[in-house]
1. Of all residues in segment 328-338, count the ones that are within 11 Å of the ligand (Cβ to nearest atom) and either touching a residue at least 24 places away in the same chain (Cβ under 8 Å) or not assigned by TED's automatic domain parsing to the domain that holds residue 260 (or both).
2. Determine whether residue 193 is open to solvent by less than 70 Å² (accessible area, probe 1.4 Å) and touching a residue at least 40 places away in the same chain (Cβ under 8 Å).
3. Could you tell me whether any residue of segment 98-106 is surrounded by 13 or more Cβ atoms within 10 Å (Cβ to Cβ) and either modelled with pLDDT of 75 or more or assigned to a helix (DSSP H, G or I) (or both)?
4. Are any residues in segment 169-190 without any contact (Cβ under 8 Å) to a residue 24 or more places away in the chain and basic (Lys, Arg), and if so, which ones?
5. Quick one: in segment 267-284, which of the residues that are crowded, with 17+ Cβ neighbours inside 10 Å and in a strand (DSSP E or B) is modelled with the highest pLDDT?
6. I want to confirm something. Restricting to segment 314-327 and keeping residues that are of a type in the set (Gly, Ala, Ser) and buried (at least 21 other Cβ atoms within 10 Å of the Cβ), which single residue is nearest to the ligand (Cβ to nearest atom)?
7. Just need a number here: residues in segment 291-313 that are more than 22 Å from residue 232 (Cα to Cα), more than 12 Å from the ligand (Cβ to nearest atom) and not basic (Lys, Arg).
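The values are calculated or read from the model by the stated rules, or taken from the named source; none is laboratory data. Note that the structure is predicted; figures quoted are calculated from it, not measured. Methodologically, a virtual Cβ is constructed for each residue, glycine included, from the backbone with ideal geometry; neighbour enumeration extends over all protein chains shown. Side chains included, ligands, DNA and RNA excluded: accessible areas come from the protein's heavy atoms. Shrake-Rupley method; radii C 1.70, N 1.55, O 1.52, S 1.80 Å.
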Amino acid sequence: MAMTSLFVLPDKAQAQVDTQAEDRSQTAKQRRQDPSNLTELRKEAEQAAKKLEDATKALEKRQATAKAARDQLTTKLRLLREAELQLGRIRQPVSELAELLYEQPVGADGVVPFLSGDADTDMLPAMGSVNYMLSVRQQAVERTSALAQQTEILAGEAQELRAGNLLAEAQLAAEVDLLRKQSDKIVKSLTAALVKLGIKIDKVGRAALGCNPLRAATAGNYPNGLIPRAMLCPLQQKGHSLRADATIAFVSLNEAYKQTFGRPICVTDAYRNLTEQQSIYYRRPGFAAVPGRSNHGLGLAVDLCGGVERFRSAEFNWMEKNGKRYGWFHPDWAYSSPFEPWHWEYDPKMDKLP
Ligand SMILES: [Zn+2]
């Protein structure tokens, strides 16, 4: 009895066999190759991330433009106030003098006594001064009222600009918020799909964080071999991790591989931190890349076993033919110098090709 149980296929494998027997249609075939719509989810997540990034950029740009416009208005208003004050200072003595003249009682001859003094020679220049003062005063009054009008217009403009910007910013912020929620939702479905396919997510959710494809770019900011563990997403193959986008693409590739060979891809090595890179380099000189230079240190390369490591084996040929669809390829150098049929790399740009 104990013997027979050894030959019972695990549920998953049994289900797979059943599915193969039942479904022959094209859509079923596609579904089997990508059982949880992983590729679709991944593309959706990337698109959502791009939309979110664009909207955030638009909001930031809007905020910057609004700030520049506000600063410009503030400067204009300050200059106007300064001009007003200056004008007030000029106007004051002119105005006082002119008013002093007006206050002089007019004599019977209709001439202001102050102006009809004994010295007739002073008369004309004095009259000229009065006229001049009056005209300066008039000009000052006109300029002041023009300035006041301009100030009012600008203040109104500032108010309108503020209201308009607040509205636009609120709309953009709401849009960003919505896009963030959508993106979070997609990442959640993606994580659920990965868990379903055997990716272990730890209790504190660190691995889930690392499996967020939106973090792939952030992981790319770390130096080779120094990506924090929480930024890496584990593979279905125990003990191995890669950058989130590379992992998700590898899971899809692995599912397709399983459909053909009935077993998962065998992985010897994936992400390698700097210490591991150094250790391999010194133990097996010429075998591994110079420490700090390997794509293993970027979480974008794997070394495979289970047949792929043998050049022109069925597994190798399958990988060569199908890998690119998932962004996984055998780099040119690995065909000859050094000859490393087991070494495969991920290129997110290739993965984005239709
Ligand atoms: Zn390698």
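1. 1
2. Spelling it out, residue 193 is indeed open to solvent by less than 70 Å² (accessible area, probe 1.4 Å) and touching a residue at least 40 places away in the same chain (Cβ under 8 Å).
3. Yes, the conditions are met somewhere in segment 98-106.
4. Correct list: 181, 185, 188.
5. Checked segment 267-284; the qualifying residue modelled with the highest pLDDT is 267.
6. 323
7. 4
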